[in-house]
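Notes to accompany the following structure.
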Amino acid sequence: MVLKVLSALDAAKIQLYHFKAIIIAGMGLFTDAYDLFCIPPIMKLIGRIYYLDHHNSDKCSVMPKETQYKTTPTAVVSTLVSIALLGTAVGQLVFGRLGDRAGRRRVYGLSLGMMVLSSLACGFSICKTRNCVLVSLGFFRFLLGVGIGGDYPLSAAIMSEFANKKTRGAFIAAVFSMQGLGILASSIVTMVVCRIFEVSSNEPKSETPDEADIAWRLILMMGAVPAALTYYWRMMMPETARYTALVEQNVVQAAIDMKKVLDVPMSEIAEDSPIRLKPPAPPHPSYPLLSKRFLRRHGVDLFCCAATWFLVDVVFYSSNLLQSQIYHRFIKDNNDVNGYKLAFKVARFQAILAISSTIPGYWVTVYFIDRIGRVKIQMLGFLFMALVYFAIGIPYKYYWSDNIGVGFMALYSLSFFFSNFGPNTTTFIAPAELFPARFRSTCHGIAGAVGKVGAIIGTIGFFWASRNEKDSGKPNPVRMTVALVILGVVCLGGLVQTYFLTRETMGRSLEDNEIYEDELIYDT
């Protein structure tokens with residue numbers, strides 16, 4: 001017998017609260033993307049402020065200031081990104097487990113609060129010396145990553161448990177699509193801040209004034225604003241009815257909580273007769289996480305979710321970092337351009353890419369996810385991503401290394417489109433649907449943490465591939481060819497795994513994965 005409150009959730013019509021939940025749950029993903037994509041222009045500003053060619057200035061003390069600028073080393077950029085990713089992996093594991101043990105709502109505000117405070121702390125990175133600034137920035141970005149990581153499993157579990165069966169995929173995808181808005185917001189904020197500081201500066205147009213040290217800090221701190229605005233609403237959210245009924249085994253409270261947020265008559269969600277728990281509700285599930293019984297029932301699903309997330313993050317984060325090698329073809333990092341203009345141009349480049357490929361990819365997924373299914377979209381995305389990387393990578397040494405133009409950018413944009421209309425979104429959705437309520441948040445956290453390990457590997461691999469040739473300043477074409485072809489092969493690996501091992505969840509109730517007959521006996 002299926003509980004009436006759960007059947008009502010599966011059949012509930014789309015209501016205003018569903019869209020409110022998308023905004024509330026999506027702010028963590030919004031902040032994640034904001035903080036990731038504001039780093040490239042910020043690194044340009046930091047390079048102009050803290051990286052000066054002191055060797056040249058010693059040789060010629062009268063040399064104009066603008067000729068002494070250097071750029072932030074790729075190793076520093078990759079390290080800062082990797083530190084945040086490591087924090088994200090830790091947050092996914094810790095908060096994912098807490099979400100199942102203490103409840104989604106009880107720890108949901110904690111992860112958001114950590115994001116807000118860490119974003120502000122990044123802007124207040126102590127000291128004015130280069131090493132001290134970078135170390136403190138790295139520390140606070142690690143804490144920011146922990147908060148962001150905690151938001152992944154909690155947001156996915158909450159949205160999946162509030163949604164109905166028919167449009168559940170679209171709602172979870174809509175939460176994840178907030179990343180696209182976060183990317184766009186980071187670019188807009190960066191452009192606005194840089195333009196304001198540039199206009200108000202009294203320094204020569206070719207120099208980067210001291211106030212630029214405030215500009216990059218302000219950009220980072222602005223990422224805390226959207227998350228802070230949703231903190232109250234997040235704290236007011238009730239616990240999900242599925243968690244209350246199936247994990248806490250309080251069916252009456254589940255019906256009361258559902259009635260608070262969804263316009264459903266109580267007669268449709270309240271049980272007709274009392275429910276007796278037999279035996280009394282255990283403090284722990286009938287079989288523990290990662291036990292033989294768990295692995296027999298859910299081991300393949302957990303492996304699939306973790307492995308596909310690992311593979312797509314290797315590719316996705318490598319592609320993001322590849323942008324820095326494309327910038328110099330369209331954005332000349334000359335010393336006669338001040339840091340404000342340079343950061344503005346990088347942010348504008350990111351905004352154009354987000355509008356033309358990244359954001360459309362998210363919303364095409366929202367439209368099709370409950371029409372053609374998760375597995376087909378994931379396979380389609382992996383296939384076209386592989387084709388794009390082969391098209392870029394195989395002829396890179398002989399053609400693209402000297403001809404990065406419209407053709408290259410069109411293919412590069414397609415890689416982002418099919419990443420989001422593909423595995424980057426579906427790997428977020430699958431763990432929220434494949435596992436029982438008592439393991440849902442934990443398993444999502446495990447899969448996401450494994451994915452972030454792949455992201456760290458991708459950033460390290462990118463650092464190897466992007467090492468410049470001594471004379472030209474361009475990335476070594478042989479290394480780039482190898483790296484891009486490897487990314488294509490990784491995508492084919494994801495395609496094969498999806499085809500043979502991934503289960504489709506479209507149209508299925510979340511309770512198809514619940515084994516609660518051993519714990520609940522319904523007495524009439």
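The values are calculated or read from the model by the stated rules, or taken from the named source; none is laboratory data. In this text the structure is predicted, and so the values were computed from the model without any measurement. Please note: Cβ atoms are built from the backbone with ideal geometry, for glycine as well, and neighbour counts cover all protein chains shown. Surface accessibility is based on the protein's heavy atoms, side chains included, excluding ligands, DNA and RNA. Shrake-Rupley method; radii C 1.70, N 1.55, O 1.52, S 1.80 Å.
Of the residues that make up the stretch 502-512, is at least one closer than 27 Å to THR459 by Cα, open to solvent by 20 Å² or more (accessible area, probe 1.4 Å), under 24 Å from the mean Cα position of the chain (by Cα) and at pLDDT 65 or above?
Quick first cut of the stretch 502-512, residues closer than 27 Å to THR459 by Cα only: 502.
Now drop any that are not open to solvent by 20 Å² or more (accessible area, probe 1.4 Å), which leaves 502.
Then drop every residue that is not under 24 Å from the mean Cα position of the chain (by Cα), which leaves 502.
Imposing the further condition that a residue be at pLDDT 65 or above reduces the set to 502.
Yes, some residue in the stretch 502-512 is closer than 27 Å to THR459 by Cα, open to solvent by 20 Å² or more (accessible area, probe 1.4 Å), under 24 Å from the mean Cα position of the chain (by Cα) and at pLDDT 65 or above.
Those residues that are modelled with pLDDT of 90 or more, surrounded by fewer than 21 Cβ atoms within 10 Å (Cβ to Cβ) and over 23 Å from THR442 (Cβ atoms), I need them from the stretch 84-129; list them, please.
LEU117, LEU120, ALA121
State the number of residues belonging to the stretch 20-53 that are modelled with pLDDT of 90 or more, aromatic (Phe, Trp, Tyr) and within 19 Å of ALA215 (Cα to Cα).
Count: 1.
Could you pull out every one of the helices (runs of 4 or more DSSP H) wholly within the stretch 357-420 that has 1 or more residues that are closer than 16 Å to PHE316 by Cα and of a type in the set (S, T, N, Q)?
374-393, 406-420
Table: residues versus (1) open to solvent by less than 10 Å² (accessible area, probe 1.4 Å); (2) among the hydroxyl-bearing types (Ser, Thr, Tyr); (3) free of Cβ contacts under 8 Å to residues at least 40 places away in the same chain.
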position: ILE172; (1), (2), (3): yes, no, no
position: CYS194; (1), (2), (3): yes, no, no
position: TRP216; (1), (2), (3): yes, no, no
position: TYR232; (1), (2), (3): no, yes, yes
position: TYR243; (1), (2), (3): yes, yes, no
position: ALA255; (1), (2), (3): yes, no, no
position: VAL261; (1), (2), (3): no, no, no
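Hey, does the stretch 312-328 have a residue that's under 28 Å from ASN164 (Cα atoms) and at pLDDT 85 or above?
Here is the first cut: in the stretch 312-328, the residues under 28 Å from ASN164 (Cα atoms) are 312.
Then drop every residue that is not at pLDDT 85 or above, which leaves 312.
Yes, because at least one residue in the stretch 312-328 is under 28 Å from ASN164 (Cα atoms) and at pLDDT 85 or above.
Kindly establish whether ALA121 is among the small types (Gly, Ala, Ser), over 15 Å from the mean Cα position of the chain (by Cα) and either part of a helix (DSSP H, G or I) or farther than 17 Å from ILE42 by Cβ (or both). Reasoning before the result, please.
Numbers: among the small types (Gly, Ala, Ser): yes; over 15 Å from the mean Cα position of the chain (by Cα): yes; either part of a helix (DSSP H, G or I) or farther than 17 Å from ILE42 by Cβ (or both): yes.
Considered against the rule, which asks whether it is among the small types (Gly, Ala, Ser), over 15 Å from the mean Cα position of the chain (by Cα) and either part of a helix (DSSP H, G or I) or farther than 17 Å from ILE42 by Cβ (or both), ALA121 comes out as yes.
Restricting attention to the stretch 465-488, report how many residues are of a type outside the set (Lys, Arg) and at pLDDT below 75.
Taking the stretch 465-488 as the starting set, the residues that turn out to be of a type outside the set (Lys, Arg) are 465-466, 468-469, 471-473, 475-478, 480-488.
Keeping just the survivors that are at pLDDT below 75 gives 465-466, 468-469, 471-473, 475.
Residues that pass the stated criteria total 8.
Does the stretch 412-425 include one or more residues that are among the β-branched types (Val, Ile, Thr), open to solvent by less than 10 Å² (accessible area, probe 1.4 Å) and more than 21 Å from ALA483 (Cα to Cα)?
Initial filter on the stretch 412-425 (among the β-branched types (Val, Ile, Thr)): 425.
If we keep only those that are open to solvent by less than 10 Å² (accessible area, probe 1.4 Å) as well, we get 425.
Then keep just the ones that are more than 21 Å from ALA483 (Cα to Cα); that gives 425.
The answer is yes; a qualifying residue exists.
Taking the stretch 444-459, which residues are more than 9 Å from ALA306 (Cα to Cα) and either open to solvent by less than 10 Å² (accessible area, probe 1.4 Å) or among the hydroxyl-bearing types (Ser, Thr, Tyr) (or both)?
Step one: list which residues in the stretch 444-459 are more than 9 Å from ALA306 (Cα to Cα), which gives 445, 452-459.
Answer for the stretch 444-459, where residues must be more than 9 Å from ALA306 (Cα to Cα) and either open to solvent by less than 10 Å² (accessible area, probe 1.4 Å) or among the hydroxyl-bearing types (Ser, Thr, Tyr) (or both): GLY445, LYS452, GLY454, ALA455, GLY458, THR459.
If ASN403 satisfies every condition in (1) open to solvent by less than 20 Å² (accessible area, probe 1.4 Å); (2) over 30 Å from GLY507 (Cα atoms) but one, which is the exception?
(1)
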